[in-house]
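To start, the structure under review is shown below, and the notes come after it.
The values are calculated or read from the model by the stated rules, or taken from the named source; none is laboratory data. The structure presented is a predicted model; accordingly, all values stated were derived computationally and were not measured. Here the Cβ positions follow ideal geometry from the backbone for every residue, glycine too, while neighbour counts run over all protein chains shown. For accessibility, only protein heavy atoms count, side chains too; no ligands or nucleic acids. Shrake-Rupley method; radii C 1.70, N 1.55, O 1.52, S 1.80 Å.
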Amino acid sequence: MNCVIHVVTSPCNGGAELLVRELVEEKEYYAHSSVGVYFNNQAPCAKFLHLKSNEILINVGYRDFRAIFRIRKLIREKLSQQFKVVVHGHLTSAFYFLPLATFGLDVTLIYTEHATHNNRRNGAFMRCLERIVYSRYQKVICISNATKDNLMDWIGLGFKNKIEVIYNGARNYKLTSRNDFSGDFVRFVSVGSLIKEKGFDRTIRALATIKDLDWSYTIVGDGPLFNELKYLAESLNVGDKVRLAGWQPDPESEYKSADIQLIPSRTEGFGLVAVEGLSTGLPTIASNIPGLNEVLKQGSPSSYLVSEPDNEVSWVNEIRSCRKNLIKGRRAVEEHANDQANLFSLTKMCKNYNELWSRYF
């Protein structure tokens with residue numbers, strides 16, 4: 001019997017957590033059982049969720065060392081039942097705790113790197129420590145080539161044989177045929193946590209400079225910058241145009257009611273929301289940064305990359321180009337967007353991971 005145990009801090013809160021829950025789903029093509037292990041469910045979004053029978057809360061904080069012993073106990077229970085076990089970690093807490101939780105146990109240890117950059121990479125001491133931790137993993141998966149390149153720069157070429165790329169998948173929604181677009185009123189949408197890295201201050205500032213057309217801007221997400229972004233919009237006299245909609249478990253309706261998606265991220269490992277929006281036929285304007293520019297195809301009628309993301313004029317120029325293409329023919333834009341999204345399906349991602357785990361059973 002084979003089992004993959006996924007460990008992540010929370011069952012929701014961001015793209016990594018969403019993907020873990022998808023990987024924990026029992027698929028007909030999996031040759032193993034799956035278990036999801038979450039540190040706790042204290043994130044505000046968790047109140048909307050119902051955990052399945054193969055999802056377990058260990059009820060500790062993200063930095064609580066008791067997690068090591070509780071995870072180890074779960075793994076030993078599986079081993080005692082004669083399971084071959086792969087332990088797959090996601091995000092920082094799992095990254096550090098799993099090598100300790102699995103020490104001396106007959107398991108395969110895998111980690112997925114979900115970001116091109118993180119705050120751990122800010123000093124020489126951390127580089128030495130992380131090389132030790134990464135050495136404990138049999139395989140490290142990166143969600144994009146940009147993520148792989150940045151990780152290699154951080155830990156060195158000696159880890160090259162441990163690292164491979166499996167592109168993320170995203171929820172692919174049904175292609176929506178929207179009404180003809182006159183361009184007189186533009187509905188913008190962004191989805192993501194309200195943190196500095198997501199860059200929503202950039203698009204609020206850029207939109208505030210547009211005086212010759214009417215628009216609205218919905219930001220779906222929650223986080224520590226909620227009040228700061230609200231104040232920014234009000235201070236720029238666009239508070240009535242910017243709606244902070246809070247976190248939503250399924251933003252499909254927000255994508256489908258919009259005309260253009262904006263992704264002003266400062267860093268991005270991949271770009272799940274880009275794929276989600278594109279799948280509905282929504283053209284997307286995003287920062288031209290590693291990770292995102294592997295998902296979005298520059299020069300297409302559905303994808304626009306902003307070369308100077310801190311420059312409001314650069315955003316406005318891309319917005320005007322996108323608006324022009326929508327006026328010219330919205331249906332062609334929608335179909336191209338959906339085709340691009342289909343390159344990054346959840347099914348494809350899960351099958352690629354299944355092939356990876358099967359090597360160790």
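A few points about this structure:
- The listed residue being assigned to a helix (DSSP H, G or I), open to solvent by less than 60 Å² (accessible area, probe 1.4 Å) and touching a Pro at 6+ places or on another chain (Cβ under 9 Å), out of Leu326, Leu356: Leu326
- Hey, Glu28 open to solvent by 40 Å² or more (accessible area, probe 1.4 Å), of a type in the set (Asp, Glu) and over 21 Å from Thr108 (Cβ atoms) or not: yes
- The one condition from (1) at pLDDT 95 or above; (2) surrounded by fewer than 19 Cβ atoms within 10 Å (Cβ to Cβ) that Pro264 does not meet is (2).
- Taken together, the residues in the stretch 75-93 that are polar (S, T, N, Q) and either out of contact with any Lys or Arg (no Cβ under 8 Å at 6 or more places or on another chain) or surrounded by fewer than 15 Cβ atoms within 10 Å (Cβ to Cβ) (or both) amount to 3.
- Of all residues in the stretch 146-157, those that are over 10 Å from Gly269 (Cβ atoms) have Cβ atoms under 8 Å from Cβ atoms of residues that are assigned to a helix (DSSP H, G or I) and open to solvent by less than 10 Å² (accessible area, probe 1.4 Å), 6 or more apart or on another chain, in Trp154/Glu130; Ile155/Glu130; Ile155/Tyr134.
- Filter result (out of contact with any Pro (no Cβ under 9 Å at 6 or more places or on another chain) and open to solvent by less than 30 Å² (accessible area, probe 1.4 Å)) within the stretch 97-113: Phe97, Leu98, Pro99, Ala101, Thr102, Val107, Thr108, Ile110, Tyr111, Thr112, Glu113
- Cross-chain or 6+ apart pairs with Cβ under 9 Å, the stretch 117-133 first and at pLDDT below 90 and open to solvent by less than 80 Å² (accessible area, probe 1.4 Å), then in a loop (DSSP other than H, G, I, E, B) and of a type in the set (Val, Ile, Thr): Asn118/Thr267
- Members of the stretch 247-259 that are more than 20 Å from Leu207 (Cα to Cα) and either out of contact with any Pro (no Cβ under 7 Å at 6 or more places or on another chain) or modelled with pLDDT of 95 or more (or both): Gln248, Pro249, Asp250, Pro251, Glu252, Ser253, Lys256
- Residue list for the stretch 278-299, restricted to those being open to solvent by less than 10 Å² (accessible area, probe 1.4 Å) and closer than 18 Å to Ser321 by Cα: Leu278, Gly281, Leu282, Pro283, Thr284, Ile285, Ala286, Ser287, Leu296
- Condition check for Arg66: buried (at least 17 other Cβ atoms within 10 Å of the Cβ), over 12 Å from Pro11 (Cα atoms) and either basic (Lys, Arg) or in contact with a helix residue (DSSP H, G or I) (Cβ under 8 Å, 6 or more places away or on another chain) (or both): no
- Of the residues making up the stretch 28-55, those that are at pLDDT 85 or above and outside any strand (DSSP E or B) number 14.
- For the stretch 1-27, filtering for residues that are in a helix (DSSP H, G or I) and of a type outside the set (A, V, I, L, M) leaves 4.
- Elements of type strands (runs of 3 or more DSSP E) in the stretch 210-312, at least 3 residues being among the aliphatic types (A, V, I, L, M) and touching a residue at least 60 places away in the same chain (Cβ under 8 Å): 260-263
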